[in-house]
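Quick notes on the structure that follows.
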Amino acid sequence: MRFILGPPPDDTDFAPEQGDWRRLREMGPRTLMVIGSLAGVPLSALFAYAWSRIPGTALHTSFDVMPLGHWGPLLLPLLVILTMAGFFVVLIVVHELIHALACPGFGLTSATFLGVWPSKILAYASHNGPLSFYRGIFVGMAPFLVLSVAPLLVALAGGPHWQLLTLTSVMNSLVSGGDVVICLMFSFQIPHNATMRNKGWDTWWRPNSQPK
């Protein structure tokens, strides 16, 4: 696994024009962020409703502002914003790390990247290598399954249902909107027996080939 700053790296060993590769019709990063955010709103609302049906999972917190004196009422909103911002940053890091761990070799090979694209305000995980259709779907949906679905199922089964799990599940479903959109594009455009491969931001696929 390698860490980079900038756009997803170009796979110079991959020349799609030399094979029966077809380019996926997909959105640019900014468009994907907008559409993904819109898709994440109803998804997170659905998870928030599901959690609300489980006793003891209602989100509530409190801050003791007495030590802050008369500055307390002014600093309280700042404390809330900083706390949520810190939580969101950690969530994004864990979310992308799960994407990477779902790649071949648990993401530990040199073909897997974790990156931050500052000009697009985008964090991402990328794999330069062939993936089967189903492996591609698994990589795309892994954070949603691990951070949103699994805690809810555990709570429904009577397991731990801490408030932190509720917050993580709901917030991660919000940021998973883009992943859902990507996987829908895969499902509608790529045959299920195809091989997928990335070249920079672009996704290519080839039917009836055998991935490694």
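A short reminder: the numbers here are calculations on the coordinates, not readings from a lab. Predicted model only: the values in this text are computed from it and were never measured. Here Cβ is always computed from backbone atoms with ideal geometry, including for glycine, and neighbour counts include all displayed protein chains.
Here is how the numbers come out for the structure above:
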quantity: Max mean-square fluctuation residue, GNM over the chain, Cα-Cα springs under 10 Å, options 111, 45, 15; calculated: 15
quantity: Residue order, fewest to most beta carbons within 10 Å, for 106, 144; calculated: 106, 144
quantity: Choice from 20, 179, 11 showing the highest fluctuation, given a GNM over the chain with Cα pairs closer than 10 Å; calculated: 20
quantity: Selected from 130, 77, 42 as most flexible by GNM, with the chain as the system and alpha-carbon contacts under 10 Å; calculated: 77
quantity: Selection from 129, 154, 117 lying farthest towards where the dipole of the chain points positive, charges on Cβ; calculated: 129
quantity: Between the range 101-139 and the range 143-192, the Cα center-to-center distance that results, in Å; calculated: 18 Å
quantity: Directionally averaged shadow of the range 2-206, computed from the convex hull of its alpha-carbon atoms, nm²; calculated: 14.1 nm²
